[in-house]
Every structure is written in structure tokens, then in C-alpha cells.
Amino acid sequence: KKMANKLLFLAPMLLLPNLVLAIQAGSVVIYSDGSAEKLLAKNAAQSHWEDDRKRRITRSTNPILPVLERTEFLGNRGYCKSVSDGDADAMPVPMEGNSVAFAVTRISHAGKRSMRNWECTHLGTEDSKVLGKTRRLEHYSCQRFVLKGKYWSRQILEKREFSYSPDLGLVVDLKRHMNNTVSSRKVVKILPPTKANYKQVRKALKPYRSEK
């Protein structure tokens, strides 16, 4: 029953128009941390997802930007973000060592506003096997920070190290350092729309979840 509740996001839903798809709308991405996300739609600028907790998530197609919008199931909690300073798209053709700094304004659904500073660095590109195929991966490191004290020393609040697959249009490997803890997740399976049913998603998630 617990698993069934978490998989309610597989119920039929109206898909938004989509363009330039790396994976098809209706596909479900399975992650190593036991989470799953369904692609609702994607265009040249953004992708729209729903996860297994029925949260709606909007991401930029620029992989260095954090989640742009998140809305809880009942719609009374969540936030949206937009770049308010700098240009996250200003990084030249990805080359090792290139970096870009920008600021993001975060507004909660309750109206609370905060500013977040980021700096992202391209760590290099390599060909690596992902989901059984050799794909080009771009490696990045992004730090969220605040400037403190008389000399504006940088205090790191969050660090994300990740690998992005342009072929899939996905971050396929993510490690996040925050509040003295480290979390990580990898893409372990992608179910196409024709196989993204309750039975197949449950089967794909089972090795990564402990059911009671």
C-alpha cells in the first residue's frame, strides 16, 4: 500500500506540448536513491517533471541552474527561482576550467524572498558508459555561497558535483554536500512511455527501496 501511494504519479495526465526531446514525454527516470520522476514535457528552455511524491518540478535545460520551481502535491508549499544577477548561460563552449558566477532569487509560495549566490566550474568532458551505452558526459562543480565579514570572505553553504549527459538531457550522477552531510543519486534506468506503467516502475524501484 505504501508503494502504491508513492506511485500515484503514474496516473494518466495531460501532457504539455514538447520540443527537442532527449527522452520522450511520459518516460520515467529511476534513480539509485529510490526516487522516480516522470517527464511531463520539455522545450528548448525547460523541462517539467512530476516525482513519486506528486511534486511538480521545473528545471532549466542549462544543467548548472538549480531547480527553477517546485510545487507540493496540494499546491500550498513550494518555491520558484529566477536568475537575478549575472548570466548562467554565459559560460563559453564547455571547456575544463571555465566558470561562471550568478545569483538566483528564490520566492516561496508564501512570498518569502531570498538571494542565493552560485559559482559553477566545468571540470572536463569524457566518454563514459551510462545505461549500457557510451555517452559524452560533462562534469561540473557548483558552489552556493555567502560573503561574510569585513573582507567578504566566502562561506560555502552547498556544493554540487555532477555529470550531465547532453544525449539524454539529464544529470546522470549527482553528489550534494550540505549541512555536513553528503547525498548522492545516479540514473539507473529510464522506462519509455510504453513501459512506464505501475508494474514496471514498481519492479525497477524495488532494488533501491526497502519495503516494510
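The values are calculated or read from the model by the stated rules, or taken from the named source; none is laboratory data. Treat the numbers as computed from the prediction; the structure is a model and nothing was measured. Please note: Cβ atoms are built from the backbone with ideal geometry, for glycine as well, and neighbour counts cover all protein chains shown. Accessible surface areas use protein heavy atoms only, side chains included; no ligands, DNA or RNA. Shrake-Rupley method; radii C 1.70, N 1.55, O 1.52, S 1.80 Å.
Laid out as a table, the results:
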quantity	calculated
Overall dimensions of segment 102-154 as given by Cα atoms, namely Rg and Dmax in Å	17.4, 52
Length-normalised contact order for segment 28-80 - Cα pairs under 8 Å, 6+ apart - percent	21
Net charge dipole size for the chain [Lys, Arg +1 and Asp, Glu -1 on Cβ; Debye, nearest 20]	1200
Spin-label zone in segment 68-84 - amide nitrogen under 11 Å from a point set 7 Å from the Cα of residue 112 along the C-beta vector	78
Fluctuation leader among 47, 165, 128 - the chain, Gaussian network, Cα springs under 10 angstrom	128
Heavy-atom accessible area per residue - the chain, 1.4 Å, Å²	59
Largest-first principal axis extents, alpha carbons of the chain, Å	57, 43, 37
Max mean-square fluctuation residue, GNM over the chain, Cα-Cα springs under 10 Å, options 69, 37, 96	96
Helix-only CD estimate at 222 nm, as mean residue ellipticity for the chain, using -39500 (n - 2.57) per DSSP H run (n ≥ 4)	-1500 deg cm²/dmol
Built amide H within the under 5 Å cut-off of residue 43, gap 5+	19
Above-threshold pairs, the threshold being 20 Å between Cα atoms, out of 129/186; 159/186; 42/199; 129/206; 81/150	42/199; 129/206; 81/150
R0 of 35 Å, Cβ-Cβ distance residue 129-residue 151: FRET efficiency to nearest 0.05	0.15
Highest-fluctuation residue, 169, 111, 149 considered, GNM on the chain with Cα pairs under 10 Å	149
Cys residues of the chain counted as unpaired, since no other Cys beta-carbon is under 4.7 Å	80
Selection from 169, 130, 207 lying farthest towards where the dipole of segment 113-212 points positive, charges on Cβ	207
Hydrodynamic radius of segment 152-212 per Kirkwood, over alpha carbon pairs, in Å	14.4
Long-range HN-HN contacts of residue 157 with modeled amide H, under 5 Å	144, 145, 146
Surface share of carbon and sulfur [accessible, 1.4 angstrom probe, percent] for segment 68-212	48
Among 110, 66, 147 the positive-end extreme of the charge dipole of the chain (Cβ point charges)	110
